[in-house]
1. So for the pair K119, R303, with labels modelled 7 Å out along Cα→Cβ, what separation do we get in nm?
2. So what's the gap between the Cα centers of region 82-110 and region 227-254, to the nearest angstrom?
3. Eight or more residues apart or on different chains, and alpha-carbon atoms under 16 Å: count the Lys pairs in the chain matching that.
4. If you build a Gaussian network model of the chain, linking Cα atoms that sit under 10 Å apart, which residue out of P84, P260, P203 swings the most?
5. Name the most mobile residue of E281, E300, E246, meaning the one with the largest mean-square fluctuation, in a Gaussian network model of the chain with Cα contacts below 10 Å.
6. Most fluctuating residue of L274, L113, L310 in a GNM of the chain with Cα springs under 10 Å: which is it?
7. How high is the FRET efficiency between K9 and E319 when r is their beta carbon distance and R₀ equals 45 Å, given to the nearest 0.05?
8. Would you mind computing, in nm to one decimal, how far apart the modelled labels at K312 and A26 are, each placed 7 Å from Cα along Cα→Cβ?
Amino acid sequence: MRLRIGTRKSAMALAQTEAIARQLAAAVPGIDVEIVKFETTGDTDQTGKLLPHGGKGGAFVAEIRSAVRGGQLQAAMHSLKDMPGNEDTPGLVIGATLSRDPATDVLVLRPGLSFDQLKAVRGKGFKIGTNAVRRAAYARRLFPDIEVIHYRGAADTRVRKLDNLEKQRLADGGAVGPADALIMARSGLERVGLANRIAYEFPVTEMLPAAGQGIVAVECAADDWAARGILAKIDDLAARRCAEAEREVLWVLNGHCNSPIAGFASIDGQQMSLTASVLDEDGQRFIEASRQGSADRPRELGRAIGLELLAKGAADIIERSRPK
């Protein structure tokens with residue numbers, strides 16, 4: 001069988017898709033995997049915020065999903081954290097989740113700056129770049145005097161701009177920066193061969209990852225049973241269960257693309273631990289909940305955590321951050 005799988009054109013997306021192709025070749029002898037590259041709206045617009053494009057779901061996912069629905073592709077590669085968790089995806093299912101890469105966030109610094117310097121002054125006088133509201137909120141909690149600036153681009157592009165002291169262009173024609181530091185996903189840096197640039201790795205107790213961070217998802221048509229059967233051969237059960245727990249929190253909270261929601265699940269034997277948080281953008285309001293439950297009932301655990309966060313006032317924070 002030939003399986004055409006769609007992906008973004010970035011170096012990280014291609015590395016992730018090539019990993020899928022290798023796993024499929026090992027699991028299904030004789031399969032012909034064709035990688036189809038897409039330049040999504042989020043890739044062509046490197047200046048504006050993602051919100052006008054429908055958030056990450058619209059900017060990085062919509063066009064490839066449309067090709068799957070239209071039959072031009074049998075599958076689509078997504079970073080799970082880019083897939084909206086508060087809405088249905090009619091006609092599509094996640095056929096496989098790959099084993100989870102490290103889910104943590106890390107700090108990347110421009111040459112000449114150290115983590116100890118940044119920490120000693122609580123970030124005062126320095127600029128940290130990110131496009132994620134969650135990361136911005138945590139950055140303001142960890143470095144109260146730092147300036148957070150809007151920062152876009154593929155993983156390798158962001159590091160290049162940091163090293164070259166380039167400013168980040170904005171949609172209105174202005175610019176911000178240059179940045180002194182970036183907050184990025186460890187897994188993304190590793191995928192593009194830049195793990196050596198990690199200056200500090202935030203433990204999940206300091207900075208909870210985005211729901212699904214570090215997990216590669218392969219989506220296919222719900223009624224394409226041939227593709228579903230093939231993708232099932234590379235599905236990682238532990239990663240799927242963690243993804244279901246974390247994304248259930250997003251569903252219960254009805255979190256939109258601008259919501260600073262974090263969530264991370266881990267499995268130890270038959271038990272799953274799940275922690276999730278909701279923060280306002282300036283990092284002043286912070287709500288967190290943690291529970292343990294049976295690993296084979298992940299959605300139940302995610303639902304319990306989501307309801308606990310709502311009981312603690314999460315809805316108000318989420319509504320305040322919702323686009324007007």
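Derivation of every value follows stated rules applied to the coordinates shown; laboratory data play no part. Note that the coordinates shown come from a computational prediction; the quantities given were computed from them, not determined experimentally. Neighbour counts run over all protein chains shown; Cβ positions are idealised from the backbone, glycine included.
1. 4.2
2. Each part's Cα centre sits 9 Å from the other's.
3. Values: K9/K37; K9/K56; K49/K167; K49/K324; K56/K81; K119/K127; K127/K161; K127/K167.
Total qualifying Lys-Lys pairs in the chain comes to 8.
4. Comparing P84, P260, P203 in a Gaussian network model of the chain, the most mobile one is P203.
5. Highest fluctuation of the listed residues: E300.
6. Largest GNM mean-square fluctuation: L113.
7. On the way: r = 36 Å, r/R0 = 0.80.
With a Förster radius of 45 Å, E is 0.80.
8. Modelled inter-label distance: 3.9 nm.
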